[in-house]
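Asks: What follows is a single structure, and I will ask about it in a moment.
The values are calculated or read from the model by the stated rules, or taken from the named source; none is laboratory data. None of the values given here were measured: they were computed from a predicted structure. Cβ: placed from backbone, ideal geometry, glycine included. Neighbour counts: every protein chain shown.
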Amino acid sequence: MHAPALSLNDHPTVAVITPIYKHSVLVSEAVESVLTQETNFPIHIVLVNDGCMHAETEAVCLDYALTYPEQVTYLRKANGGLSSARNHGIDYTLKRWPSVEAIYLLDADNRLRPKAIKRAMTILFEHPECDWVYPNVDMFGLNWAGDYGGDYSLLVHTAMNICEAGSMIRRRVLERGVRFDEAMRLGYEDWDFFLCAAEEGFRGRNLDTFGFRYRKRPESMLADSHRDDEEIKGSLLRKHKALISPRNLVRLEQEEAPRYAFYLTDEQSYVLTVDPNLDGRRLSRDHYERLLWAFWTSGRFHAPAFLVVTTRVALEGLKAAGVLHWLLWRLEDGVRDRHIATASFKEAVDGRYTVRESTKNDGYHLNSLLLMISPSCFADVLRDKLSLWIDSLVRPTCDPLQFNIELECPVPNGHEGGLRCSSAPVYMFLALLHELRASAYRSASQRLWDWRSNGIPERHHTHNVVRRSFGGAPAYPRITSSDRHIGFMLPLVEFGGVEKVALHTAAALRARGWIPHLVVLERASAVFSDEWRQTFETINFLMDESISTWNNQSSYHGTVIPAWAQNGKHARALGLLYWMDAVVNCHGAALHGLMGQLRRLNVKTIASLHLNDITEHGRAVGNPYLTVAYEHAYDLVTTCSLQLANWCHGMGIPEEKIIPVVNAPGYPLPNAAIDRILEQRRKPSGDRPLRALFLGRLDRQKGCDRLAAVVFASKQQGLPVQWRIVGKAVVSEGEDQIPPELKPLIEPPATTPEELTSLYEWADVLVMLSYYEGLPLTVLEAMRLGVAVVATDVGAVGEVIRDSETGFLLDPGNPEAGCIDILRRLQGDQEERGRICRNAAAFARPIDWQSRSRDLADWLDEHAPIQPAADRAAKTGGIP
C-alpha cells in the first residue's frame with residue numbers, strides 16, 4: 001500500500017475509486033480523465049489493485065501515487081473480485097477522509113469528460129433528497145449511446161439494470177452499510193448494489209449531461225454476465241425477495257407507474273391509479289393528452305397502459321357490489337387476446353351473483369358500464385391514418401374483437417343510478433379517441449428527438465413487470481397496507497355446510513380485525529345473500545373451466561388428484577390471490593396444487609377440512625387425503641371436529657399444524673327467540689301427528705334413498721307422521737336421482753335465518769340418514785331449538801349427540817328400521833320427547849362461532865400480524 005501523509009489540503013470532497021484487474025494499460029486513461037476534472041473542490045483518487053497478475057499494473061499505479069501524492073492513493077490486496085475491490089476502496093475512504101461527501105466508482109477501462117464530477121456534485125447539492133446520480137451510457141469502441149433519462153423508477157429498476165456502477169454516490173448511502181456483494185462474481189453486482197440502496201429507502205437521479213464514457217468491447221465481463229443472465233437474475237430475485245415480491249411491485253406501480261387511466265365521463269377528468277380504492281393522480285383532458293403523446297414520443301415518460309372509460313357512480317356501484325377489483329382483473333385478462341373488453345350489468349332479483357362471458361360481437365358493448373382497450377390496440381388506433389375500423393364500434397357487429405362480461409347481481413342500496421348507465425362508454429371513448437388523434441402533439445411522435453437510443457424500454461411496459469411473476473397473467477389491482485386480508489376459496493357457494501362454515505369463520509375473523517374475501521373456484525354463479533355481503537368485502541370468480549377436471553391417473557391413497565392441481569393454469573390464480581395475507585382452502589380439491597406457490601409469496605395457507613367422502617364401495621376418499629398429500633404446502637389445517645383432527649394427526653400431519661374449529665350452529669339467533677320457541681315446546685302437542693323434517697342437499701351422501709324408504713314405511717304402517725322435505729340436489733346429476741317417493745314432498749331450499757328458524761320451530765324431529773358426514777351444522781341448529789335429531793352414527797355426529805340423551809344415533813349399516821322405531825316411540829311418548837328437547841338445547845345453546853374460532857384467530861394474529869406501514873415500507877423500498 002502506498003498512502004501519502006495527510007497535508008493541510010488533504011480534505012477531498014469527492015473520492016474516485018478505481019479497481020484494477022488486467023487493465024494495466026487502460027488505467028492510465030481513467031486516471032488522467034479524473035486528474036483533469038474541472039472542479040472547484042478537491043478530488044482524491046483511490047487505486048485498488050485487486051491482485052492483478054500484470055507487473056505493469058503495479059508500476060503504473062506506483063508512478064501515479066508517487067507523482068501525485070496528494071491526489072492519488074494506491075492500495076494493494078489479494079484478488080477477491082470486482083465487488084471486493086470496490087468495497088475495499090469504499091471502506092478505506094470512509095475511514096480516512098471524513099470530508100468526503102460522495103464517492104464515484106470509475107472502472108479502470110472507462111473515462112470521464114472534464115466536467116463530469118462537477119456536474120454530478122451539482123445535482124447532489126441542488127437536490128438534497130437525491131442519494132446517487134447515475135449517467136446515460138455513452139459507449140466508445142463499439143459505439144452505442146443509451147438514454148436512461150426520466151424520473152428514477154424503482155419498479156423499472158427491479159426489471160432491468162438502469163444504474164451504471166459509474167455513479168456519484170452520496171456518503172450517507174455507504175455509511176448505512178450498503179456495499180457490493182462479494183459473492184457475486186458473474187456480473188450485475190452494480191444492479192444488486194443499487195437495489196440494496198433502494199431497499200434502504202435511498203433513491204437515484206439521472207444526469208443527462210453527466211459525461212461518462214463506457215468502453216465497450218465484444219468480449220468483456222458484461223458479455224459474460226449476459227450469458228449467465230438467468231442464473232444471475234435468479235440469484236437477485238432470491239436476495240431481494242421482499243422488494244421484488246408481487247405485492248410490493250404493485251405498490252411501486254401505484255406510486256410510479258399506474259396501469260389504469262380511468263376517464264370518468266360524469267366528471268370529465270382522468271384518474272391514474274392501480275387500485276380504484278385509492279385516489280390516484282387526477283388529470284384534466286388536456287394534461288392527459290400531453291402526457292400520452294409524450295409517452296409515445298420519448299422513452300423518458302410513462303402513461304398508463306390501459307384506458308378505462310366509465311363513470312364515477314358506476315365505479316362506486318361496482319365497488320359496493322364487491323366486484324370492482326375482480327372485474328378489472330378479469331377484463332385485463334380477457335383483453336390480452338382481444339381489442340376491447342366491456343362490462344355490463346343486469347339486476348338480479350334472487351340475491352344470486354352470476355357472471356356471463358362472451359367473445360361474440362353481439363352488441364353487448366353498446367350497453368356496457370365500463371370499456372377497456374388493450375394497450376397495443378390503443379397505440380395502433382392512435383397512430384392509424386384512418387379510423388373506420390375503430391369507428392365500427394357504434395355497430396352491434398363491429399370489427400374490433402371483443403371480450404364482454406355481463407354481471408347479474410342485486411343492486412347495492414343507494415347505487416341504483418350508478419349501475420344503470422344512461423350513455424354507454426363506447427360513444428365517449430370514440431369521442432376521446434378522435435380528440436387525441438387530432439392533437440397537435442401527435443406529429444411529434446413521428447420524429448426522433450434524441451440522438452441516444454432508448455435505454456429503458458421497460459418504461460413503456462411497466463404493467464408487465466409484476467405480470468412476469470404470473471407468466472404474463474394480470475395482477476389483481478389491490479394494494480394493502482396495515483389491513484389484513486384473508487381469502488376463503490370455495491368450489492361453489494349454494495347453501496351447503498362447507499359454505500356456511502366458511503361464512504361464519506369469516507365473520508368471526510372479521511370481528512377480530514381481518515377483512516375476508518370470497519373466491520369461487522368452479523362456478524360462475526353464487527348465492528350471495530345480505531349476510532354474505534356483510535361478511536365478505538369482495539366476491540371473485542376464478543373463471544377457469546379446467547379447474548374442476550378430475551381426469552387424471554395420479555391418485556393418493558385412492559383419491560384422484562385433480563389434473564389442475566398438477567398442471568393447471570396456476571399463473572392466473574396466483575395473480576388473483578397473491579395480495580392476500582392468508583387463504584383458506586375450503587374443499588377446493590384442485591387448489592391444493594397452488595398452495596405451495598402461495599406460500600412462496602408469503603401468503604399463509606390454511607386447509608379447512610370437513611369430512612371424508614365415502615365411495616359406493618365404502619372406501620374413504622376426498623379432500624382430507626389430498627390435504628395430507630399436499631401437507632407441506634400448508635401452514636395450518638383446521639378441522640370441523642375433534643375426530644377429524646385426530647384422523648389428520650394419525651395420517652402424519654404434525655399436531656402443531658392442526659387447529660380444530662369445531663362447528664357451531666350455522667346462524668346466530670337471539671336468546672329471546674330461543675326462549676320463545678323452547679317455551680312453546682313445553683306445551684302439550686295433543687293428538688297432532690309427529691312433525692318430521694329433512695333439511696339439506698338432496699344428494700346421495702345425505703341418504704335420500706334411505707329417507708325415501710323411511711317415508712314410504714311410515715305411510716305404509718300408518719304412523720301419524722307429517723313430513724317436510726326441504727332442499728334440492730346440488731352435487732348429483734340432477735333431480736333424476738331423487739327417489740320418486742320424495743318428489744311430491746320437496747319444498748324449495750331454506751337459506752335465510754328466518755326461514756330456517758321457522759322450520760325448526762315447526763319440527764319435532766330432524767331426520768338425517770347420511771352415508772357420511774362431518775359435523776352437520778343442521779344438527780346443532782336443530783338441537784339449539786329443542787328438535788330431537790335422529791341421525792346415522794357417521795362422521796363426528798357422535799361428538800354432539802349422546803344416544804337417547806341429546807338425540808338418537810342409528811346404525812349406519814341399516815338405519816331405516818331403527819328410524820321407524822324411534823319415530824313411533826317419540827310419537828307415543830311426549831315426556832321422552834320433552835326430555836330430549838331440554839337436553840339437546842342445553843348442550844347446543846352455548847356454542848357459537850366466536851369461541852369456536854378463537855384458536856384460529858389467535859394463530860393468525862401470531863403468524864400474520866399487522867405490520868406497521870413504516871416497517872413494511874423499510875423492507876420494500878420505502879413505499880408505505
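Asks: Quick one: VAL710 ticks every box in (1) modelled with pLDDT of 95 or more; (2) under 22 Å from THR757 (Cα atoms) except a single one, so which number is it?
Replies: Of the numbered conditions (1) modelled with pLDDT of 95 or more; (2) under 22 Å from THR757 (Cα atoms), the odd one out for VAL710 is (2).
Asks: Do the conditions hold for GLU56, that is, is it in the same structural domain as TRP191 (by TED's automatic domain parsing) and either of a type in the set (Lys, Arg) or free of Cβ contacts under 8 Å to residues at least 40 places away in the same chain (or both)?
Replies: Yes.
Asks: For the condition touching an Asp or Glu at 6+ places or on another chain (Cβ under 7 Å) and without any contact (Cβ under 8 Å) to a residue 12 or more places away in the chain, what is the one hit in SER392, SER376?
Replies: After ruling out the rest, the residue left standing is SER392.
Asks: In addition: Within segment 21-49, which residues are outside any strand (DSSP E or B) and either free of Cβ contacts under 8 Å to residues at least 60 places away in the same chain or outside the structural domain of ASN79 (by TED's automatic domain parsing) (or both)?
Replies: Matches in segment 21-49: LYS22, SER24, VAL25, SER28, VAL31, GLU32, LEU35, PRO42.
Asks: Something else about it: Scanning for something part of a helix (DSSP H, G or I), touching a Cys at 6+ places or on another chain (Cβ under 8 Å) and aliphatic (A, V, I, L, M), does segment 299-318 turn up at least one residue?
Replies: Yes, there is a match, as at least one residue in segment 299-318 is part of a helix (DSSP H, G or I), touching a Cys at 6+ places or on another chain (Cβ under 8 Å) and aliphatic (A, V, I, L, M).
Asks: Then there's this: Only one residue in ALA857, ALA840, ALA844, ALA791 is at pLDDT 95 or above and closer than 19 Å to GLN722 by Cα, so which one is that?
Replies: The unique qualifying residue is ALA791.
Asks: Now for a different question. Scan segment 359-399 residue by residue and report those that are surrounded by 18 or more Cβ atoms within 10 Å (Cβ to Cβ) and farther than 21 Å from SER445 by Cβ.
Replies: Listed by number, the residues that qualify are ASN361, TYR364, HIS365, SER368, LEU369, LEU370, LEU371, MET372, LEU393, CYS398.
Asks: Now for a different question. Does segment 626-648 include one or more residues that are under 16 Å from GLY795 (Cα atoms), of a type outside the set (A, V, I, L, M, F, W, C) and assigned to a helix (DSSP H, G or I)?
Replies: Yes; the residues of segment 626-648 include at least one that is under 16 Å from GLY795 (Cα atoms), of a type outside the set (A, V, I, L, M, F, W, C) and assigned to a helix (DSSP H, G or I).
Asks: With the requirement that a residue be under 22 Å from GLU357 (Cβ atoms) and not in a loop (DSSP other than H, G, I, E, B), what does segment 393-427 give you?
Replies: Those that are under 22 Å from GLU357 (Cβ atoms) and not in a loop (DSSP other than H, G, I, E, B): LEU393, GLN402, PHE403, ASN404, ILE405, GLU406, LEU407, GLU408, CYS409, PRO425, VAL426.
Asks: Given (1) buried (at least 22 other Cβ atoms within 10 Å of the Cβ); (2) farther than 20 Å from GLU458 by Cα, where does TRP191 come up short, assuming only one miss?
Replies: Just one mismatch for TRP191, condition (2).
Asks: Continuing with this model, one more query. Check segment 430-448 and report whether any residue there is touching a Lys or Arg at 6+ places or on another chain (Cβ under 7 Å) and buried (at least 17 other Cβ atoms within 10 Å of the Cβ).
Replies: Checked against the condition, which is being touching a Lys or Arg at 6+ places or on another chain (Cβ under 7 Å) and buried (at least 17 other Cβ atoms within 10 Å of the Cβ), segment 430-448 yields no hits at all.
Asks: Condition first: in contact with an Asp or Glu (Cβ under 7 Å, 6 or more places away or on another chain) and either of a type outside the set (Val, Ile, Thr) or closer than 15 Å to CYS640 by Cα (or both). Now tell me which residues in segment 473-502 satisfy that.
Replies: ALA473, PRO474, PRO477, ARG478, ARG484, HIS485, LEU490, PRO491, LEU492 - these are the residues of segment 473-502 that are in contact with an Asp or Glu (Cβ under 7 Å, 6 or more places away or on another chain) and either of a type outside the set (Val, Ile, Thr) or closer than 15 Å to CYS640 by Cα (or both).
Asks: Please go through segment 705-724 and pick out each residue that is over 15 Å from ARG691 (Cβ atoms), buried (at least 18 other Cβ atoms within 10 Å of the Cβ) and of a type in the set (A, V, I, L, M, F, W, C).
Replies: LEU707, ALA708, ALA709
Asks: Let me ask you something else. Determine whether segment 256-271 contains at least one residue that is under 30 Å from ASP109 (Cα atoms), in contact (Cβ under 8 Å) with a residue 24 or more places away in the chain and not in a helix (DSSP H, G or I).
Replies: No - not one qualifying residue is present in segment 256-271.
Asks: Continuing with the same structure: Are there helices (runs of 4 or more DSSP H) fully within segment 523-616 with at least 3 residues that are more than 19 Å from TRP329 (Cα to Cα) and out of contact with any Lys or Arg (no Cβ under 6 Å at 6 or more places or on another chain)? List them.
Replies: It comes to 530-535, 563-567, 592-600.
Asks: While we're on this one: Failed condition for TRP449, given (1) assigned by TED's automatic domain parsing to the domain that holds ILE373; (2) closer than 21 Å to ILE162 by Cα; (3) in a helix (DSSP H, G or I), with all others met?
Replies: Failed condition: (3).
Asks: Is it the case, given these coordinates, that GLU499 is touching a Cys at 6+ places or on another chain (Cβ under 8 Å) and more than 19 Å from HIS325 (Cβ to Cβ)?
Replies: In short, yes.
Asks: Looking only at segment 805-820, which residues are surrounded by fewer than 24 Cβ atoms within 10 Å (Cβ to Cβ) and in contact (Cβ under 8 Å) with a residue 40 or more places away in the chain?
Replies: The answer is PRO812, GLU816, ILE820.
Asks: I need the full set of residues from segment 523-562 which are under 17 Å from LEU577 (Cβ atoms) and touching a His at 6+ places or on another chain (Cβ under 9 Å), in order please.
Replies: Listed by number, the residues that qualify are PHE536, GLU537, THR538, ILE539, ASN540.
Asks: Criterion first (surrounded by 20 or more Cβ atoms within 10 Å (Cβ to Cβ), under 31 Å from the mean Cα position of the chain (by Cα), more than 23 Å from GLU537 (Cβ to Cβ) and among the polar types (S, T, N, Q)) does ASN404 satisfy it?
Replies: Here the answer is yes, as ASN404 does meet what is asked.
Asks: A further question on this structure: Tell me, which strands (runs of 3 or more DSSP E) wholly within segment 127-204 include 1 or more residues that are more than 20 Å from ALA15 (Cβ to Cβ)?
Replies: 137-141, 144-147
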